[in-house]
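All remarks here apply to the structure that follows.
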Amino acid sequence: MSTDVRTPPAAPGEPGAPAQPPRRTVRARRRIDWGRYYTWAVLAWLFLPIAFMVAFSFNDPAGRHNITWQGFTLRWYENAFAYQELNEAMFNSVSIALLTMLMSGVLGTLLGLALGRFTFRGKQLTNLVMFAAISAPEVVLGAALLSTFLMMGITTGYWTTVVAHVMFCVSFVAITVRARVITLDPQLEEAAQDLGAGPWTTFRLVTLPMLFPAVMAGGLLAFALSIDDYIITTFVSGDVTTFPLWIWGTTRVGIPPQVNVMGTLLFLVGVILAVVNIVMARRRR
Amino acid sequence: MNRKITPYALVLPAWAWLALFFVVPIGGMLSLSLTTGNVVTGFQQTFAVGNYVDAVSTYWEQILRSLFYGACATVLCIVIGYPMAYWIAFKGGPYKSTYLLLILLPFFVSFVLRTISWRFLLSDSGVVLGPLKSMGLLPEGFALLNSAPAVILGLAYNFLPFMILPIYAVLERMDPRMVEAAHDLYAGRAQAFVRVILPVSLPGVFAGVLMTFIPTSSDYVNASVLGGTHNTMIGNVIQTQYLINNNYPIASSITFVLMGLLLIGIFSYARALGTERVMEVHA
């Protein structure tokens, strides 16, 4: 990235963008990088509710409403698992997300591999269906699945939720893997076969290791999408409660501070993954 | 394995899954929207379109409100997100991916939980309004919660990354020398932006609009948490009709009306923009 390009840090002429640099007549003076301040301001906005959640996981509220700051306590961390139902919801969420990651990971990887490497009948149709599955509103996906389960007389619950989550995650994994497959050199696989490797050995020892970063990224994406999903899950989960569903259910009676603790722990997992990602990126360089 | 069979063997499991749990359900919902009856007496396939007439005449207000909220949130996302994507793409330097991770990090915390946090932040005695009120900076009776701006703000907040990422992706791939060339041809900063950078970034903006307008206008979580009872969206109606009233024929016809309107909106926007191949934005 060359630094000598004179580009404005913000889109000029857009209302509400406070990032426009002032026009300076003296060129010698260093321009203030308003874009940096602006970006950090937006980031602060993105983190505002998280900061609230983390702070209030340490709050010691008097009543049931955890809105005003009353004092510092570690009480909620000590009995983070005091609510049996919350634990069950959390367990459901994590296990559904893991199953989704695994199943959509396998299906999506095979699909992405086929789309990236081969031409076959129905490829355009597959792309169309994947596009539709990604851009269809969640409320439509949930409603459509529930319609089918109703008409087929299937009781909704844990496994219908897994099925639904895998359905909307497959395309995301496939797209991630396809992007990687396109950049791979097919000669590496040919070389492996010249060296006497069978198709399966080639796949296991050559193709899969090269695809692994994309498979991992797609799988993590599926995990994140699944554990976060509320809308589709309400439609297809029946009596089974997941973490977002349980939070939703408690909003009317006052949310226990343990929810903020769980949210903070989830956020920490995200922070750790992000740090690992940065460290790995540094090492690759 | 034969090279001709291999691709089919690879796609078959995913095909089966998507056909069974995506294509068939959409068809099933279509047939359900053309039935009459209720849960007690059962639903009869009548192929009558009366449900659609009922759906539109009863819920046109929520439908229009949803499209309006979605459009407002989408515009807000462009206004907030474009300068940020721009700055990261051109000035982010070695920290580009770190900034992107920072944008995505809040999304590890549950969507519902973040939205509820906003409810507390925006409440009358909350962290934001409370101090302002006690300082007398706000008029008596000023409230943010349970208002349309609160819903739009929540929607823009929740879907902002879906706007930033595609715009960033096209700007990042752009050759900086194109901007230099514009300057060499005596284009000012504004002109270089309007004539060179903006046209290049339009596909990204389009992808962003696609990924924010569809989910925001069909969302109901923000409307329920931040909008109170007077700002319900069409998603609220679908959810209530499906899960509480068990009125499946009406519910599925409203769902199709919503989907149809979104498709019309997206395709007319694509035409206006000259982007004929809508699907390519995902590639």
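FYI, it's all coordinate maths here, none of it is from the lab. Worth saying up front: this structure is predicted, and the values here are computed from it rather than measured. Neighbour counts are summed over all protein chains in view; Cβ atoms, including those assigned to glycine, are modelled from backbone coordinates with ideal geometry.
Quick notes on this structure:
- Take every Cα pair under 8 Å whose residues are at least 6 apart in sequence, average their separation, divide by the length of chain A, and the relative contact order is 27 percent.
- Proportion of all alpha-carbon pairs of the protein assembly as shown beyond 37 Å (%): 37 percent
- Given +1 at the Cβ of Lys and Arg, -1 at the Cβ of Asp and Glu and no other charges, the dipole of the protein assembly as shown around its Cα centre is 1780 debye to the nearest 20.
- A cut-off under 15 angstrom between Cβ atoms defines the neighbours of A:Ser104, and their net charge, with Lys, Arg +1 and Asp, Glu -1, is -1.
- As a calculated quantity, the FRET efficiency between B:Tyr8 and B:Ser125 at R0 = 60 Å, using C-beta atoms, amounts to about 0.45.
- Residue among B:Leu185, A:Ala192, A:Pro49 farthest towards the positive dipole end of the protein assembly as shown, charges placed on Cβ: B:Leu185
- Working from Cα pairs under 8 Å separated by at least six residues, relative contact order for segment B:188-283 is 26 percent.
- Among A:Gly71, A:Thr119, A:Asn92 - extreme Cα towards positive end, dipole of segment A:26-148, charges at beta-carbon: A:Thr119
- Label positions at A:Arg283 and A:Arg204, each projected 7 Å from the Cα along the C-beta direction, are separated by 2.6 nm.
- Per-residue average of Cβ from other chains inside 10 Å of A:159-170: 2
- Neighbour cut-off at most 16 other Cβ (10 Å), DSSP loop, chymotrypsin sites (Phe, Trp or Tyr not before Pro), segment B:120-191: B:Phe142, B:Tyr186
- Selected from A:Val240, A:Asn277, A:Gly108, residue furthest toward positive end of dipole (chain A; charges at beta carbon): A:Asn277
- Separation between Cα centres of segment A:149-193 and segment B:1-77, rounded to whole Å: 21 Å
- Were the residues from B:Asn246 through B:Ala272 laid out at 0.36 nm apart, the gain over their Cα-Cα distance would be 5.4 nm.
- For chain A, a Gaussian network of Cα nodes joined below 10 Å ranks A:Asp194, A:Asp228, A:Asp33 by mean-square fluctuation, and the top entry is A:Asp33.
- Rg(Cα)/(2.2 N^0.38 Å) for chain A, N = residue count: 1.29
- Magnitude of the charge dipole, segment A:131-285, Cβ model with Lys/Arg +1 and Asp/Glu -1, debye to 20: 480 debye
- A straight Cα-to-Cα reach below 19 Å connects B:Lys96 with the aspartates and glutamates A:Asp4, A:Asp33, B:Glu172, B:Asp175, residues fewer than 8 places away in its own chain not being considered.
- GNM flexibility winner over chain A from A:Phe149, A:Phe223, A:Phe58 (Cα, springs under 10 Å): A:Phe149
- Computed magnitude of the charge dipole of segment A:106-195 (debye, nearest 20; Cβ of K, R +1, Cβ of D, E -1): 240 debye
- Using only alpha-carbon positions in chain B, the gyration tensor eigenvalues give semi-axes of 37, 31, 18 Å once each is multiplied by 5 and square-rooted (largest first).
- Each 10 Å bin from 0 upward holds the following percent of the Cα-Cα pairs of segment A:82-144: 17, 31, 32, 14, 6, 1.
- Between A:Leu265 and A:Thr73, residue separation times 0.36 nm minus the direct Cα-Cα distance comes to 67.5 nm.
- Estimated inter-spin distance, A:Thr155 and A:Arg121, nm [label 7 Å along Cα→Cβ]: 4.2 nm
- The mean sequence distance of close C-alpha pairs (under 8 Å, at least 6 residues apart), as a share of the length of chain B, puts its relative contact order at 28 percent.
- Positive minus negative residues near A:Pro244 (Lys, Arg vs Asp, Glu; Cβ under 9 Å): -2
- Candidate lysines - alpha carbon under 27 Å from B:Lys133, same-chain residues fewer than 8 apart omitted: none
- Taking A:Thr251, A:Thr155, A:Thr39 in turn, the Gaussian network model of chain A (Cα-Cα springs below 10 Å) assigns the largest fluctuation to A:Thr39.
- Only lysines eight or more places from B:Lys4 in sequence, or on another chain, were considered; those with a Cα closer than 22 Å are A:Lys123.
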